[in-house]
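Working notes for the structure below.
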Amino acid sequence: MRKRMIAGNWKMNETYSEGVVLAQGLAKELADGTGDVDVVVCPPAVDLKGVAEVIEHEDAPFALGAQNVYWEEKGAYTGETAPDMLTNIGATYCIIGHSERRGYFHETDEEINKKAKALMAHGIVPISCCGESLEVREAGKHVEFVVDQIKKDTEGLEITDPAKYVIAYEPIWAIGTGKTATADDAQEVIGAIRATLKEIFGDEVADGIRILYGGSAKPENIAGFLTKEDVDGALVGGASLKAESFAAMVKASM
Ligand code: PGA
């Protein structure tokens with residue numbers, strides 16, 4: 001019942017013109033469609049318009065996502081982007097709570113929760129990230145840590161359509177390190193996330209929410225993650241920067 005999702009997080013890579021070329025390459029690779037898989041591309045803010053134009057002109061089978069948002073409607077918030085600005089440019093998804101934002105920019109669960117509410121009020125689907133550090137994992141506290149993040153990040157959210165909220169479990173020690181979690185590691189935590197969602201939102205909603213794995217996901221290991229019952233796709237960093245490898249991951253998920 002859950003549609004698989006492959007989402008690309010370009011992070012702070014690709015200038016405007018490089019982003020257009022990458023999006024064009026991806027449109028070409030995926031010209032035969034993506035079957036039942038939802039594909040999302042999340043470029044840096046300044047590339048969003050260029051990628052939106054590629055999607056429109058090439059009728060490309062992927063959706064546009066941002067990497068961050070601010071929760072206020074407008075005003076004196078230098079450097080920030082409002083939800084309405086994303087909607088206006090054609091973005092329908094937005095990553096929030098990435099561990100790089102939590103770490104380097106000190107974002108809190110409370111702020112991530114405000115961002116989710118602001119996005120959902122504007123019809124943008126949050127891709128809300130969670131995940132533990134190596135230290136927490138080595139202490140054996142990873143499930144408890146992530147469950148706590150989920151409770152705080154989803155507090156007070158009203159989810160009626162489960163397709164409108166996505167979670168990405170990204171263990172920090174596996175991001176950009178080449179060190180992947182095993183499919184069993186992913187299922188352990190993602191299964192616990194779904195159980196927590198059931199407690200909060202009830203079985204029907206929780207069974208419809210997509211939960212992605214992220215952290216050195218690539219064409220060679222994506223199939224293994226997808227054999228697990230609660231893993232619905234991947235949030236892909238490094239391997240989303242080449243059209244062929246990202247498209248290969250989409251095809252492996254079809
Ligand atoms: P990675 O990044 O695939 O390069 O490990 C994943 C992410 O941080 O979203």
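The values are calculated or read from the model by the stated rules, or taken from the named source; none is laboratory data. It should be emphasised that the depicted structure is a prediction, and the values quoted were computed from it without experimental measurement. Cβ: placed from backbone, ideal geometry, glycine included. Neighbour counts: every protein chain shown.
The condition (being more than 16 Å from the chain's Cα centre (by Cα), within 18 Å of VAL136 (Cβ to Cβ) and within 11 Å of the ligand (Cβ to nearest atom)) is satisfied by just one residue among THR180, THR196: THR180.
Filtering region 1-19 down to residues that are among the small types (Gly, Ala, Ser) and over 12 Å from the mean Cα position of the chain (by Cα), which residue is surrounded by the most Cβ atoms within 10 Å (Cβ to Cβ)?
Applying the filter and picking the extreme gives GLY19.
Applying a threshold of 8 Å to beta carbon distances and a minimum spacing of six or more residues, or different chains, the list of pairs starting in region 206-227 at a residue that is under 15 Å from GLU170 (Cα atoms) and part of a strand (DSSP E or B) and ending at one that is modelled with pLDDT of 95 or more and of a type in the set (Phe, Trp, Tyr) reads ILE211/TYR169; LEU212/TYR169; TYR213/TYR169; TYR213/PHE225; GLY214/TYR169.
Anything in region 132-178 that is part of a helix (DSSP H, G or I) and either among the aliphatic types (A, V, I, L, M) or touching a Lys or Arg at 6+ places or on another chain (Cβ under 7 Å) (or both)? List them, or say none. Of everything in region 132-178, those that are part of a helix (DSSP H, G or I) and either among the aliphatic types (A, V, I, L, M) or touching a Lys or Arg at 6+ places or on another chain (Cβ under 7 Å) (or both) turn out to be LEU134, VAL136, VAL143, VAL146, VAL147, ILE150, ALA163, ILE172, TRP173, ALA174. Checked against the criterion of being touching a strand residue (DSSP E or B) at 6+ places or on another chain (Cβ under 6 Å) and touching a residue at least 12 places away in the same chain (Cβ under 8 Å), the candidates PRO83, PRO171, PRO126 yield just one match: PRO126.
Matching residues to (1) touching a Leu at 6+ places or on another chain (Cβ under 7 Å); (2) over 23 Å from ALA118 (Cβ atoms); (3) buried (at least 23 other Cβ atoms within 10 Å of the Cβ):
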site: PHE145; (1), (2), (3): no, yes, no
site: GLU155; (1), (2), (3): no, no, no
site: LYS164; (1), (2), (3): no, no, no
site: GLU170; (1), (2), (3): yes, no, yes
site: GLY178; (1), (2), (3): no, yes, no
site: ALA181; (1), (2), (3): no, yes, yes
site: ARG210; (1), (2), (3): no, no, no
site: ALA234; (1), (2), (3): yes, yes, yes
